[in-house]
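Enquirer: One structure, as structure tokens, below. Some questions next.
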Amino acid sequence: PVSHPPSAPSAPCTRRGFCEDAMWERRTHARILVSDADAGCIIGKAGYDIHAMEARSGAHIKLSGRGRPLPGTDRRVVLVSGLFRTVMDAAELVLEKLFYLGDQVIDAEATVVLVVPDACCGALIGKGGEVINLLAINHMVYALHSTQGPMRVQCP
């Protein structure tokens, strides 16, 4: 489950117990890269699964078309957009769909690829690589930087 940092005690909390502050109410988006097979899993039969995830999270979820991968990759883009809190909820639902069948882990060695804008790379890497090194140690995260496209952060 996604854990959101607490905010001021007077802030109202959402249905999942996450306290709201200005950050959680800002509009944003996330891009997750997936294979064609995973894209089909996210969409579901006749679009049922993707519509269910949108209804449950409150975010908008779109997939790039078949044969339209992110340039420089062989993967399709899952674009999740909405308020920050709904994007986080939707991203969690997408990842659950990809890695779990009920309570069973489908692929313990699975990799998540997030697309990070160039403007965010410095903050993600940190001074002297401090932030990305902590992510690597604590969460088995590593970053791939491409000069032909955005930086990709992978979480095996």
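Read-outs: derived from the displayed coordinates by stated rules, not from any lab. Everything numeric in this text was worked out from a predicted model, so none of it was measured. We place every Cβ from the backbone using ideal geometry, glycine too, and count neighbours over all the protein chains shown.
Enquirer: Go through (1) within 22 Å of Met140 (Cβ to Cβ); (2) surrounded by fewer than 17 Cβ atoms within 10 Å (Cβ to Cβ) and name the single condition Arg31 misses.
Expert: The single condition Arg31 does not satisfy is (2).
Enquirer: Which ones in segment 55-78 are within 14 Å of the chain's Cα centre (by Cα) and surrounded by 16 or more Cβ atoms within 10 Å (Cβ to Cβ)?
Expert: Hits for segment 55-78 are Ser57, Ala59, Ile61, Leu63, Arg76, Val77, Val78.
Enquirer: Which one of these is in a helix (DSSP H, G or I), closer than 16 Å to Val77 by Cα and not hydroxyl-bearing (Ser, Thr, Tyr): Ala30, Ala55, Ala39?
Expert: After ruling out the rest, the residue left standing is Ala39.
Enquirer: Might you let me know whether segment 40-52 holds any residue that is buried (at least 19 other Cβ atoms within 10 Å of the Cβ), in contact with a strand residue (DSSP E or B) (Cβ under 6 Å, 6 or more places away or on another chain) and free of Cβ contacts under 8 Å to residues at least 40 places away in the same chain?
Expert: Checked segment 40-52: at least one residue is buried (at least 19 other Cβ atoms within 10 Å of the Cβ), in contact with a strand residue (DSSP E or B) (Cβ under 6 Å, 6 or more places away or on another chain) and free of Cβ contacts under 8 Å to residues at least 40 places away in the same chain.
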